[in-house]
Amino acid sequence: MGKPKLFYDLLKYSSLGLEMGAAVVIGLLMGIYLDKRFETYPWLTLLFMCFGFVAATKALIKALKKGIFLEEEGEE
Amino acid sequence: MAAETFIILDHTPLHSALEKIEGIDPAPIIHAGLVSLLLVGLAITVSRSYKSNPRIHQEEKTFTITNFMEMIVGGLLNFMQQTMGDHAKTFLPLIGTTGIFILISNLLGTIPGFDPPTSNLNTTLACAIVIVVATHYVGVRTHGVKYIKHFMGPVLWLAPLMFVIEVIGHLARILSLSFRLFGNMFGDHMVLGIFMGLVPLLIPVAFMGLGVFVSVVQAFVFTLLSILYISGALEEAH
């Protein structure tokens, strides 16, 4: 059962990169929209891009917390 | 540049009728419709063979379409039970439908003369939005008002900040789900088309093999991620 589980994990982590990038882009787009709405350029763009970075890091931490059994397999 | 590709369904009356509507690209719509018709036909055939003989799957040793569909659905259910446990049967209709629809759509691209509907962003975006909306619906249905705790984070005074960050994270899921599938299928189809134009003999076979591999893997990744998202909404907030 080790091999397929490793394969699923690889697929799972390969999806992480795109999700991190997408989080930053979504944050940036939200910031640009809100800046246009309230005419506060460039502050909300910067702030929401930082939020995007935090969301990306959060996705990474979440995935790392769930991927403990990768480590266990290495020890065997 | 690659030779002009010939798409069979571009020469149907339905295509020219849809083309008259402003701002519509009829090709992916017609191809998605074709895939849906194919799947509905398959489902009707298989369910009829079960109705006529409920024990068919135990008796037949030869390869039939019923056996094949049972293998696919059974394998998917088995895989879902490993990750979701008892909830697997509840979500099999949703995840199985999107998964098999995407798989057949992807594989349609390897047949010459057809365009995969998933190489258009609108199709993949529709699938991704359905999955993510279903995720939140499931979350609200199982947890009620407490589902908001998923968005709050561990500390109360950080809650407004965490809420914005979580919303960005969930929107990023839609974007990454749809763009991954769209990008892979579009790129795969493009490479195949260009090599078909450059060297029409023998070389495209390698890329067709690669295309089948990418189709299956991307359909599987989409299914795996939707299972993960839904089981994430099912579990308790921590």
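The values are calculated or read from the model by the stated rules, or taken from the named source; none is laboratory data. Please read all numbers here as calculations on a predicted model, not as lab measurements. Positions of Cβ are backbone-derived with ideal geometry, glycine not excepted, and every protein chain shown enters the neighbour counts. What goes into the accessible areas is simple: the full protein's heavy atoms, side chains included, and nothing from ligands, DNA or RNA. Shrake-Rupley method; radii C 1.70, N 1.55, O 1.52, S 1.80 Å.
What figure, in Å² to the nearest 10, do you get for the accessible area of B:THR98 with a 1.4 Å probe and non-protein molecules left out? Surface open to solvent at B:THR98 totals about 20 Å². By the gyration tensor of its Cα atoms, with a ≥ b ≥ c the square roots of the eigenvalues, what is the shape of the protein assembly as shown: rounded for a/c under 1.5, prolate for a/b over b/c, or oblate? Oblate. Only Cα pairs under 8 Å and 6+ residues apart enter the sum, and on that basis the relative contact order of chain B stands at 27 percent. The Cα-based radius of gyration of chain B, divided by its Kirkwood radius, gives an Rg/Rh of 1.03. Output the pairs from A:LYS58/B:LYS89; A:LYS66/B:LYS149; A:LYS62/B:LYS146; A:LYS5/A:LYS66; A:LYS62/B:LYS149 with a Cα-Cα distance over 22 Å in this structure; if there are none, say none. Listed pairs above 22 Å: A:LYS58/B:LYS89. The distance separating the Cα centre of the stretch B:185-227 from that of the stretch A:19-47 comes to 35 Å. Distance from the alpha carbon centroid of the stretch B:81-117 to that of the stretch B:152-181 works out to 26 angstrom. Think of chain B as a dipole: +1 on every Lys or Arg Cβ, -1 on every Asp or Glu Cβ, centred on the Cα centre; then among B:ALA17, B:LEU234, B:LEU161, B:LEU234 lies furthest on the positive end.
Buried accessible surface for the B/A pair, both sides summed and rounded to the nearest 100, is 1900 Å² with a 1.4 Å probe. Across the options A:GLY52, A:VAL24, A:LEU11, the greatest Cα extent toward the positive end of the charge dipole of the stretch A:2-71 (unit charges at beta carbon of Lys, Arg, Asp, Glu) belongs to A:LEU11. Of the residues B:HIS143, B:VAL199, B:THR223, the one whose Cα sits farthest toward the positive end of the charge dipole of the stretch B:8-234, with +1 on the Cβ of Lys and Arg and -1 on the Cβ of Asp and Glu, is B:HIS143. Here the Gaussian network model covers chain B, with springs between Cα atoms less than 10 Å apart; of B:VAL191, B:VAL155, B:VAL221, B:VAL155 fluctuates the most. Residues considered: B:LEU94, B:LEU202, B:LEU210. Largest GNM mean-square fluctuation over chain B, using C-alpha springs under 10 Å, is found at B:LEU202. If only the Cβ of Lys and Arg carry +1 and only the Cβ of Asp and Glu carry -1, the dipole of chain B around its Cα centre is close to 640 debye. The listed residues A:LYS65, B:LYS61 rank as B:LYS61, A:LYS65 when sorted by accessible area, largest first, using a 1.4 Å probe. Structural descriptor for the stretch B:135-221: relative contact order 18 percent, calculated from alpha carbon pairs under 8 angstrom and at least 6 residues apart. Annotation note: GluC sites (Glu not before Pro) in the stretch B:24-129 located in DSSP loop regions with a Cβ neighbour count of at most 13 within 10 Å are B:GLU60.
Partner shielding of A:20-28 amounts to 6, given as the average count of beta-carbon atoms from other chains within 10 Å of each residue beta-carbon. Under the convention that each Lys and Arg Cβ holds +1 and each Asp and Glu Cβ holds -1, the size of the dipole of the protein assembly as shown around its Cα centre is about 680 debye.
Mean partner shielding of peptide B:118-129, defined as the number of other chain Cβ atoms within 10 Å of each residue Cβ, is 0.
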